[in-house]
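Since the structure comes first, as structure tokens, the remarks are kept for the end.
The values are calculated or read from the model by the stated rules, or taken from the named source; none is laboratory data. As the structure is a computational prediction, the values presented were derived from the model and not from experiment. Note that each Cβ is placed from the backbone with ideal geometry, even for glycine, and that neighbours are counted across all protein chains shown.
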Amino acid sequence: MTTGLWRVRVDGGVRLARGDSDLGPAELLEESLSVASLVADPAEPLQQLEALPAGGPVPGDARILAPLDRQPVWAAGVTFPRSREARREEAADGGDIYDRVYTADRPELFFKAGPGAAVGTGDLLAVRADSEWNVPEPELGILADPRGVPQALVLGNDVSSRAIEGENPLYLQQAKVYDRSCGIGPCLVPTSLAPAWQALRVELVIERGSATLYEDAMDVARIQRAPAELLRWLFAALSFGDGVVLLTGTSLVPPSNVSLRAGDTVTIRAAGLGTLSNKFTSVGAAAPTVSKSDGLAEQ
């Protein structure tokens, strides 16, 4: 049994709870507690999760939310060999920049989701309607406190529009950041309770109806850059007063004949961290047509 910190919606608002990472939230915590308050305390109360006073059982109709409140999500790219190969496959220019960042001192880090934008397990994730090639990217996430110290592990889904990023690397943020593009969950597992990150094996299953489109797993230990190194670069010139989640990259990249679409279900799991499962919808519309009569275009 691995105890995790869950975030749930109950009658009266949003509360934190604790419970087994596989079985779900069981006990509500004191109403005054938030993820931000737990990670901001230099006494590191998140590591004392099992000892925090309870505030009653979690109601059966509670809705599980992403286990973040005021924390943004950032992500690292090209941190596994398979990720580098995939970027080469999609890039119109052959992917030379991805080869260079894979071996460079400075990693690729990018903004993924603002506070409140991440989607929890059981909720809808999305693909962009103006991209014909969309994939999930299952990743190990690290919740760091304002000092940059890892406080918890969590699973993440860095959904990507590969067609958009492959057209031009400068389109990275459009490929990565849009409504419902980031899954985080199911719960935060404090580092004092979680398995060692080097021992984790992350599994991915993509289902369409009753058919399995893709299934694979990755050993996090194969990562090119340790999470502590990635965090040092993230905090080198940025401050996060309420903490931050950093997704550390993926080696699970489906082949080019597999693309997500509305109605698909993606399940990500790891022993000790639980299961992050989401059905997909579509957001946006086909690429917009710009007319000279549009706003500033006519001035």
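Mind checking which pairs have a first residue in region 236-249 that is over 23 Å from residue 138 (Cβ atoms) and a second that is assigned to a loop (DSSP other than H, G, I, E, B), Cβ under 6 Å, 6 or more apart or different chains? Going by the 6 Å Cβ cut-off, the qualifying pairs are 240/146; 241/146; 242/70; 242/71. Is it fair to say residue 172 is hydrophobic (A, V, I, L, M, F, W, C), crowded, with 18+ Cβ neighbours inside 10 Å and within 18 Å of residue 250 (Cα to Cα)? In short, no. Among the residues of region 210-223, what is the count of those that are surrounded by 19 or more Cβ atoms within 10 Å (Cβ to Cβ) and in contact with a helix residue (DSSP H, G or I) (Cβ under 7 Å, 6 or more places away or on another chain)? Matching residues across region 210-223 total 1.
Here's the yes/no breakdown for (1) of a type in the set (A, V, I, L, M, F, W, C); (2) over 14 Å from the mean Cα position of the chain (by Cα); (3) farther than 27 Å from residue 208 by Cα:
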position	(1), (2), (3)
98	no, yes, yes
104	yes, yes, yes
109	yes, no, yes
114	no, no, yes
126	yes, no, no
158	no, no, no
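In region 175-209, of all residues being part of a helix (DSSP H, G or I) and among the aliphatic types (A, V, I, L, M), the one that is surrounded by the most Cβ atoms within 10 Å (Cβ to Cβ) corresponds to 175. The residues on offer are 108, 165, and the sole one that is crowded, with 18+ Cβ neighbours inside 10 Å, in contact with an Asp or Glu (Cβ under 7 Å, 6 or more places away or on another chain), over 25 Å from residue 38 (Cβ atoms) and not assigned by TED's automatic domain parsing to the domain that holds residue 37 is 165.
Looking at region 22-73, which of its residues are part of a helix (DSSP H, G or I), over 18 Å from residue 2 (Cα atoms) and either touching an Asp or Glu at 6+ places or on another chain (Cβ under 8 Å) or without any contact (Cβ under 8 Å) to a residue 24 or more places away in the chain (or both)? Result: 35, 36, 37, 39, 40.
Cβ separations smaller than 6 Å between residues 6+ apart or across chains give the following pairs from region 267-283 residues that are in contact (Cβ under 8 Å) with a residue 24 or more places away in the chain to residues that are among the acidic types (Asp, Glu) and part of a strand (DSSP E or B): 269/203. Among the residues of region 1-18, those that are of a type in the set (Gly, Ala, Ser) and buried (at least 21 other Cβ atoms within 10 Å of the Cβ) comprise 4, 17. For region 19-44, a residue qualifies if it is under 19 Å from residue 119 (Cα atoms) and in contact with a Cys (Cβ under 9 Å, 6 or more places away or on another chain), and the qualifying residues are 21, 24, 25.
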